[in-house]
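Comments concern the structure below.
The values are calculated or read from the model by the stated rules, or taken from the named source; none is laboratory data. Since we're looking at a predicted model, the values are computed, not measured. We place every Cβ from the backbone using ideal geometry, glycine too, and count neighbours over all the protein chains shown. Side chains are part of the model used for accessible areas, which takes the heavy atoms of the whole protein and leaves out ligands, DNA and RNA. Shrake-Rupley method; radii C 1.70, N 1.55, O 1.52, S 1.80 Å.
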Amino acid sequence: MLSIAVVDDDVNDSDRLKNYIKKYFEENDRSNGASNECHINVFDCGNEFLKAFPSGFDIVFLDIEMPGLSGLQTARQLREINANVAIVFVTNMAQYAINGYAVNALDFIVKPVNYFDFALKLKKILGYCGKLAAKQIALRLSETESAVIDSSIVEY
């Protein structure tokens with residue numbers, strides 16, 4: 001099951017993304033007969049998200065402009081914890097998108113988000129997650145901690 005985080009201080013924007021994610025998975029469950037389950041957590045600030053991150057997320061939809069810790073600052077700290085998580089910036093300031101390259105953002109979505117564009121991007125993101133998962137082994141260390149190991153370093 002995929003774990004997805006939406007980090008946005010605007011409740012309307014975070015609700016829209018959450019609903020689009022649910023809609024995408026519902027449509028794809030019906031069309032391919034597979035069970036593509038996901039768990040979605042919503043956070044209204046970067047600090048709250050970073051405190052929860054050790055439990056692990058596969059995809060992070062991250063607003064760039066937020067009070068306190070900005071989305072870019074949050075992404076920088078996130079990269080210190082996990083170099084592979086799929087970061088997707090969601091912003092109404094397209095000029096900030098170029099800054100995402102510094103944190104290896106997978107993609108950018110410009111607000112206001114429409115479902116058609118979102119679905120295309122989510123399909124791409126899920127492809128990335130599938131390729132990444134095939135190369136990794138996840139280990140649960142405790143109730144609140146997990147670790148991911150690159151399978152290419154494991155000797156058989």
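Tabulated values for the structure
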read-out	value
Cα centroid separation, segment 3-23 to segment 36-84 (Å)	12
Area accessible to solvent at V113, 1.4 Å probe radius, in Å²	20
Y101 versus E27: modelled label distance in nm, points set 7 Å from Cα along the beta carbon direction	3.1
Chain lengthening between H39 and N19 when straightened (0.36 nm per residue, less Cα-Cα)	6.0 nm
E65 accessible area, assembled protein chains, probe 1.4 Å, Å²	80
